Amino acid sequence: MQSLTDEERAIYEWQLWVEGFGEPGQLKLKNATVLVSRVGGVGGTLALHLAAAGVGRLILAHAGNLRLDDLNRQLLMSHAGLDQSRVEQAAQRLRAFNPHVEVVPVAENISDANVDRLVGDADVIASCAPLFQERLLLNRAAIAQGKALVDCAMYELEAQLTTVLPGQGPCLACLYPTEPPAWKRKFPVFGAVAGTIASLGAMEVIKVLAGLGDPLVGKMLVCDLADMSFRKVLLRRDPACAVCRSNAHESQQ
């Protein structure tokens, strides 16, 4: 385990004052790896907050080049980077922001071919992809490998957040046994809504890594920014869930 340098203590001084966190919590962040699926309006902002907090290694998975219609929300990008790799731009920005963080760009979206490998390289997964196919793939791999998953989602002015800890509450497949039909990658979005759920998701990742506070296990935070309402919904595990059923049984042995 790597220890903190004097420079890192100075950088993170104010968060070291948080009760129940301190230097032990900061060391947990420094020695952790987080996989971020997509670095768009949600994932990019989430990754920025994790880099600011001092998570030691970030794996960023996102295919494709930057387009004009990305720029209302993808804050790690710039006009100068149009038609260039989004994930490489994100990695460069994060390295410049915090050189103490190792950033691993992967110019691929989550797929059957890479999900087990990428999840296997991480301690916590931040699921920020707009497509249910990717989110459910990450959920399946996280359950199989015993990894925590923080799932962030938004649409128009609404957003939701939940945390999956294998063997402790429901998984994403309990809520969505199959991919919802006719769901499209493109949908209405303000960058401020994406950034709101990204910030909350980043805090959830930090809590899980550092053992801080009460993560949203078995609960979903639902936000409606149209009227600034926030509520928590209790979630139940599906005993017939094809993904976490055997995991739940094993955890009770």
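Restricting attention to the stretch 192-214, the residues that are touching a strand residue (DSSP E or B) at 6+ places or on another chain (Cβ under 6 Å), in contact (Cβ under 8 Å) with a residue 60 or more places away in the chain and closer than 10 Å to residue 150 by Cα total 3. Picking from 73, 95, 86, 67, which residue would you name as being free of Cβ contacts under 8 Å to residues at least 12 places away in the same chain and of a type in the set (D, E, K, R)? Checking each option against the conditions leaves just 95. Condition first: modelled with pLDDT under 95, among the small types (Gly, Ala, Ser) and more than 20 Å from residue 32 (Cα to Cα). Can you find one or more residues in the stretch 83-97 that meet it? No; the residues of the stretch 83-97 include none that is modelled with pLDDT under 95, among the small types (Gly, Ala, Ser) and more than 20 Å from residue 32 (Cα to Cα).
Against the numbered list (1) farther than 30 Å from residue 19 by Cβ; (2) buried (at least 17 other Cβ atoms within 10 Å of the Cβ), residue 155 comes up short only at (2).
Just wondering, is there one or more residues in the stretch 201-209 that are surrounded by fewer than 17 Cβ atoms within 10 Å (Cβ to Cβ) and closer than 21 Å to residue 168 by Cβ?
So the first thing to find is which residues in the stretch 201-209 are surrounded by fewer than 17 Cβ atoms within 10 Å (Cβ to Cβ), and the list is none.
No, that holds for no residue.
If you filter the stretch 24-74 down to residues that are outside any loop (DSSP other than H, G, I, E, B) and basic (Lys, Arg), you find that the one that is nearest to the chain's Cα centre (by Cα) is 57. The residues on offer are 120, 167, and the sole one that is at pLDDT 95 or above, surrounded by fewer than 24 Cβ atoms within 10 Å (Cβ to Cβ) and small (Gly, Ala, Ser) is 120.
When we screen 57, 73 for residues that are in contact with a helix residue (DSSP H, G or I) (Cβ under 7 Å, 6 or more places away or on another chain) and either modelled with pLDDT of 95 or more or under 30 Å from residue 132 (Cα atoms) (or both), the only hit is 73.
The values are calculated or read from the model by the stated rules, or taken from the named source; none is laboratory data. Please read all numbers here as calculations on a predicted model, not as lab measurements. No Cβ is skipped: glycine too gets one built from the backbone with ideal geometry, and neighbour counts run over all protein chains shown.
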